[in-house]
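The values are calculated or read from the model by the stated rules, or taken from the named source; none is laboratory data. These numbers were taken from a predicted model, which means no experiment stands behind them. Methodologically, a virtual Cβ is constructed for each residue, glycine included, from the backbone with ideal geometry; neighbour enumeration extends over all protein chains shown. We work out accessible area using only protein heavy atoms, side chains counted, and drop any ligands, DNA or RNA first. Shrake-Rupley method; radii C 1.70, N 1.55, O 1.52, S 1.80 Å.
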Amino acid sequence: MTIIHMQERQPKQGTPVGDAAMTNQAQVVASSFKDDTQQAFYKLTYDLQTTLDLQQLLEIFYKHTCQFVPCDSLTYFNEAREIKTAFGTQEKHKCSYRLVIKEESIGQLIFSRARKFKAEETTILESLLVSIVYPLRNALLYESALTSAMNDPLTGILNRAAMDTTLKQEIKHSERHGSPLSMIVFDIDHFKKINDNYGHSIGDCVLKMLANEISDTIRESDMCFRYGGEEFTILLKNANLDGATLLAERIRMKIAKLVCYCEDIELNIQVSLGVASLNKGEDHRAFFDRCDKAMYNAKQSGRNQVKIAK
């Protein structure tokens, strides 16, 4: 594996820094190509500046790179961020590069194809990597910012803003593919008494423990959101009403048996849950409202139970 190391420096006599340095290096690389390929390289560097979406960025780079060096696949790994994405079909012969800016690794790129790479081809690949390093770094920073904006700082799960966005997307996906979509809304029973009797730090501890228990119970394809206060929402893709109801009942029973240990205090909690499955032509507001009303029905009917939306 080759390490492509980009070192940012303090400016000295007009030396470019950061993204400006990349532009200067790109110009140097472009000058090393023949006239008929310089335009293709400039097009690559330009197109890489058009998006901050990581998937789109890597796809642009892969398609352009194949014009210079035929490849069957491109794979990107970022172990620290748990990212893996691939394009094409992986083959036997590979060229692997770890990309570093200063002392920070921004991931690993692996090219593969059925026949061996020639020495002059690996030289071209290494030259092309100059164009992706800073756009890739910027895309990762952008993704981190989005993740921070969509996560609840207390529990670490997704927040209300993320739910609003995701729910709209999943409804469109469900309608397009004819796949079922269900929702569970639940609320901690008598949560105000916990805050009043023990303080908000204990209440926060309970919320965090609850979020962890739910995350361990749902499928990988399910998404849990903290909607607000002590209210949570679970979105279940490819799950019908019966499946969602079974999960809701399993969650109710698990939480009822849970003992929360918070600052030497032992607490037992219960939850009330509403379940709904998406109706044809229903928008995100109506879908959520039906499920939310079912949850309040569970509370009004005695709490610690599951109610199905009408």
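A few notes on this one:
- Residue within the range 80-97 that is outside any strand (DSSP E or B), β-branched (V, I, T) and in contact (Cβ under 8 Å) with a residue 24 or more places away in the chain present: no
- Within the range 111-130, being closer than 11 Å to Y97 by Cβ and either open to solvent by 30 Å² or more (accessible area, probe 1.4 Å) or at pLDDT 95 or above (or both) holds for F111, T122, E126.
- Residue list for the range 189-208, filter: small (G, A, S) and closer than 12 Å to C260 by Cα: G203
- The range 256-310, residues that are within 15 Å of T245 (Cα to Cα) and among the hydroxyl-bearing types (S, T, Y): S272, S277
- Residues that are in a strand (DSSP E or B) and hydroxyl-bearing (S, T, Y) within the range 218-233 comprise Y227, T233, listed in sequence order.
- Candidates are the residues of the range 30-74 that are among the aliphatic types (A, V, I, L, M) and either within 23 Å of A119 (Cα to Cα) or more than 26 Å from the chain's Cα centre (by Cα) (or both); the one that is modelled with the lowest pLDDT is A30.
- Per the listing T245, T233, the residue uniquely open to solvent by 30 Å² or more (accessible area, probe 1.4 Å) and hydroxyl-bearing (S, T, Y) is T245.
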